[in-house]
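Structure first, commentary second.
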Amino acid sequence: MGEIYCYVSKDDSDYGKAVMKQFVQDAKWSKVIESLSVHMKDHSIDRIYTKTYNLGLPESVISKLSEENKKLFKQDGFLKQRGRVEKELRDFYFSLLDKWKLKDYKTLGEIRFCFNMYRLRGQRAETFRDFEGRVYSRTDFDYPESVRKTEVIRLSEIDYAKTYARLLEEQEQRNKQTI
């Protein structure tokens, strides 16, 4: 087995700030999905593409839609451009993004790509997020030096594992309190 590298996002870095913003926005994204599901009167909508320029649904979701709603989407899963119903649905989607301030929403993967922290084919990476929104990564490749200097802090594999174990314990305690 090759060398293992572990990191945590710096709170005051641009990456850390982007991750915290995504952490807050992530909870709101589920509200968009729920609102669209109610608006379209189709409760099989449980995922949408995280694209803020047009509404799109994965094929697995489209296949479960009513026949009427299936006709609103193109082969690639995005909303068709023509038609009154499509325009109203698009306007509704954009109003939800405005309401919850999600016009600039990005997934964690998109954020990592912007910061040159992506993996290549054959490389492995695993991540988790703590309750404060920091992202911990364990990879079999080293991040570029520019990223290590400004965006992340290197951890030992033991510290990474201890943090993960502590997070699991906290999650278990929270689950017990809600039961």
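The values are calculated or read from the model by the stated rules, or taken from the named source; none is laboratory data. Because the structure is predicted, anything quoted here is derived from the model rather than measured. Here the Cβ positions follow ideal geometry from the backbone for every residue, glycine too, while neighbour counts run over all protein chains shown.
A few comments on the model shown:
- Residue in the range 107-120 that is farther than 30 Å from R148 by Cβ and touching a residue at least 12 places away in the same chain (Cβ under 8 Å) present: no
- Taking the range 37-53 as the range and being closer than 14 Å to L96 by Cα and either among the hydrophobic types (A, V, I, L, M, F, W, C) or touching a Lys or Arg at 6+ places or on another chain (Cβ under 7 Å) (or both) as the test, the residues that pass are V38, M40, I48, T52.
- Output for the range 9-24, where each listed residue is without any contact (Cβ under 8 Å) to a residue 24 or more places away in the chain and more than 12 Å from K106 (Cα to Cα): D12, K17
- Strands (runs of 3 or more DSSP E) (entirely within the range 107-166) containing at least 2 residues that are among the aliphatic types (A, V, I, L, M) and not assigned by TED's automatic domain parsing to the domain that holds A27: 152-155
- Enumeration of residues in the range 26-52 that are touching a residue at least 24 places away in the same chain (Cβ under 8 Å), surrounded by 15 or more Cβ atoms within 10 Å (Cβ to Cβ) and either more than 16 Å from T107 (Cα to Cα) or of a type in the set (G, A, S) (or both): S35, L36, M40, D42
- Residues of the range 124-176 classified as over 18 Å from G109 (Cα atoms) and hydroxyl-bearing (S, T, Y), total: 6
- Matching residues, the range 137-151, being of a type in the set (A, V, I, L, M, F, W, C) and farther than 15 Å from A125 by Cα: V147
- Test for S137: is it touching a strand residue (DSSP E or B) at 6+ places or on another chain (Cβ under 9 Å), exposed (fewer than 14 other Cβ atoms within 10 Å of the Cβ) and closer than 12 Å to V8 by Cα: no
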